[in-house]
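A short worksheet on the structure shown next.
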Amino acid sequence: MLAKTAEFCVRHRLVVLLFWILILAGSFVLSSSLGPRYSNEFRLPHSESREAFEVLQSEFPDFKGEPVQIVFRSESGVFDPATKEEMQALFDRVKAFPYVSSVRSPYEGQGAVSKDQKVAFATIELDREPTQIPREAIASLRDTIIEKSRPGMEVEAGGMAISRADMPELGSAEIVGLIVAVLVMLVGFGSFIATGLPIITALFTLATAISLIVGLSHAMTVPMFAPELARMIGIGVGIDYALLVVTRFRQNLHSGAGPTESAVGAIATAGRSVLFAGAIVAISLLGLAVMGLDFVNGMALSAGISVVLAIAVSLTLLPVALVTLGSKIDALRIPIFSRDESNYRKSWSYRWSRTVQRRPWAAAIVSGAALLFLALPTLSLDLGASDLGNVPRSKTQRRAYDLLSDAFGPGFNAPVLVVIRTPQAESLAQETPQQIQGIQPESGPGNDLGTQDQRIAPALQEERRLERVPVPLPSSVESVHGSVASIPGVAQVTRPMPAPSGKAYLFQVIPSTSPQDSQTRQLIHFIRSLAADNRARGGPEVLVGGLTAAFVDLSDYLSQRLVWLIGGVVALSFFLLMVVFRSLLVPLKAAVMNVLSIGAAYGVVVAIFQWGWMKDLFGVEKPGPIEPFIPMMMFAILFGLSMDYEVFLISRIREEYDKSEDPKSSVADGLAATARVISAAAAIMVAVFLSFVWNDNRIIKLFGLGLATAIFVDATMVRLVLVPSTMELLGKANWWLPPWLDRVLPKISVEAKSDDSDSENREASQVALNDAIPEPERSTQSQSKVRAETTSGLGGP
């Protein structure tokens, strides 16, 4: 199938080229006309926080929009006449901005002022969700706010809506990653032309993928960091897959084959590895759909688009470029790095494999122990939500967060909403709608609630007024309120406020700890347990909501399903590898080794991002929990990427084994033939992924370090040590499969079949496929005859 596909593409190269140009142009026009519509809505259905949000929407009509905060600190005090006049002028100016419905000033008794009266903030109500507001409008609002800062007066823009102004763009760090990739391939290929092809195809893939993801954002929930994740994956696999094909093409070319046959042969061999490895990545990403979360599906599809495009470009557009270049692919050589690809038994990798095979037990034990050591911190994995305190201090939203935390306590940024549903209207005193203005859900990364819980906290001043004129509450509401207020770890609670219907009451709990602190999560669970006990004794229904509670629910939800995801992906991959390689032990080893390398990546991530080891080296602002969706995304991506090297290496070993039936020499020959390209591909991926570590976005930073660690470990300790040592120990048992199982399994092959007539078939293939550039003296009959021989010689998958 792949040989025929490559032959078709080579013969109709102009059609293939025009097809891909139209795909790129069409996707670019689509994205330009629609514009991005990325969202941070992390919806978690059937959760208590979601139910609380729905009650708030129905009972408290002022729940709408996602606010922006104007947080300011004045050395002379916020009530200094000059400061008050200046800030009031800013509020009036902001009111005139598009998409702003109102501005609530702290000078009107509806905001918040710190005890020392040096810090205060106002709340800007937007008339729609930030995802529906142009990025330029939010950036203009942000700039208008922060430009008021001066000596003795700090003015910052707070809230997650401001983060929308920081859309991802190709940064200098990623360009450095591409430069490193070019240098690695120059060393590996020794040719500028051969180096340029994988880079060009990867950039082509990336440009098309990002444009399609923009269109996808209008059809489903796509997180704001999804394009960066897709860009990371797209660059990595785009270069990786092209590198495998180009390497095999040059090996064929250096063995005496012509350009056309070399290209078709490369697709029929290395192309199979690309197709199968890419399918594993796609399967892993599709496995995320079992989570049942819209934003996870958006992330998975965004990354999946990059992978699928990388496969398609490598198998169709790349052979066209290879045949067009022909032997010119080795042009512009660098003599010191240029070498013959045909005799790989003279390589260092062949000698290395023989060294490992002489001491297989020592190699297996040492490398396995090293992987387990790196994976040890995974046992302390703490799933939770980081907060704006993890954003770089160069961002205004981080500085606003720090001002609020210092002025009102760390728990001020982690408010918890408690909703009490009464069976009937029990409002004993009707409070004015103004008293519940500003009681809105909190904004934060990935918030489906979409607004700021903090707007109820500033009404603490309003609460002081209420305390002077006490409003009687139903005894059931008073009981719940008193019980929550007495819980250790609660810094403050606001007075319960009734819904207009009197069927619900709302108050806010300010913890004594920050949003990402584990004690805050424990507090939420404790409040819920008290509420459940109260309900069992005949009390009213109590729901705990808000952003902090929503992330607790998300962590619990994903933690319970992570094991099922890992088990499902490993089981399916085991089955596919068993079908392809006709073996039980090869897929078992692959699954175990992939899990070990991913575990090592988890361990490094925990040590740096959660424990804070070497955090300054990697630009981590402060230690914190690991976002609950990151381990599953890392597993899905890494398991597939690790299969790239597994399939490429094992398929070549199997190819050599089919020739010689010698389990020892086939391992050495297979490793020697692939180690160079695997090492180069891994070095490129590590460089690309590490370039994202210096991204401002903590999630992308975490992904970059985790993926780079896993690829490095996989390509070194696993492929160069564990695989040859364990295959040496197992010998022919590597390829054992019960006869009855062999009969029932479908027949699928990744490696190309080789026999003694390879050279004859190669010659026939060259003659046949040269009809892509017809020669008048060649008869049509002889062309048809040789083409038939070619198909037989190349074999099918």
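Using the Cα centre as the reference, give the magnitude of the dipole from point charges on the C-beta atoms of region 582-741 (Lys, Arg: +1; Asp, Glu: -1; all else neutral), rounded to the nearest 20 debye.
The dipole of region 582-741 has a size of about 120 debye.
With r defined as the distance between the Cβ atoms of SER559 and LEU286 and R0 fixed at 25 Å, what FRET efficiency is calculated, to the nearest 0.05?
Details: r = 21 Å, r/R0 = 0.84.
Efficiency for this residue pair is about 0.75.
Normalised per residue, the accessible area of region 17-158 is 47 Å², obtained with a 1.4 Å probe and no contribution from ligands, DNA or RNA. For region 600-605, the Karplus equation 6.51 cos²θ - 1.76 cosθ + 1.60, evaluated at θ = phi - 60°, returns couplings of 5, 5, 4, x, 5, 4 Hz by residue, with Gly and Pro reported as x.
Mind scanning LYS4/LYS589; LYS328/LYS747; LYS84/LYS395; LYS115/LYS615; LYS118/LYS395 and naming the pairs with a C-alpha gap bigger than 27 Å? LYS4/LYS589; LYS328/LYS747; LYS115/LYS615, as the Cα separations exceed 27 Å there. Keeping the other protein chains in place, figure out the carbon and sulfur percent of the accessible area of region 585-646, with a 1.4 Å probe. On region 585-646, the fraction of accessible area on carbon and sulfur atoms equals 76 percent. How much accessible area per residue does region 210-338 have, in Å², with a 1.4 Å probe? Here the per-residue accessible area is 24 Å².
When every alpha-carbon pair in region 154-254 is counted, what percent end up more than 18 Å apart?
Details: 2879 of 5050 pairs.
For region 154-254, the share of Cα pairs beyond 18 Å comes to 57 percent.
Once neighbouring chains are kept in place and the probe is 1.4 Å, which whole percent of the accessible area of region 148-304 is contributed by carbon and sulfur? Answer for region 148-304: carbon and sulfur cover 71 percent of the accessible area. Surface exposure of region 635-734, expressed per residue as accessible area with a 1.4 Å probe, stands at 21 Å².
The values are calculated or read from the model by the stated rules, or taken from the named source; none is laboratory data. Just so it is clear, the structure is predicted and the values come from calculations on it, not from any experiment. As a convention, Cβ positions derive from the backbone with ideal geometry for all residues, glycine included, and neighbour counts pool all protein chains shown. Just the protein is used for accessible areas: all its heavy atoms, side chains included, with ligands, DNA and RNA removed. Shrake-Rupley method; radii C 1.70, N 1.55, O 1.52, S 1.80 Å.
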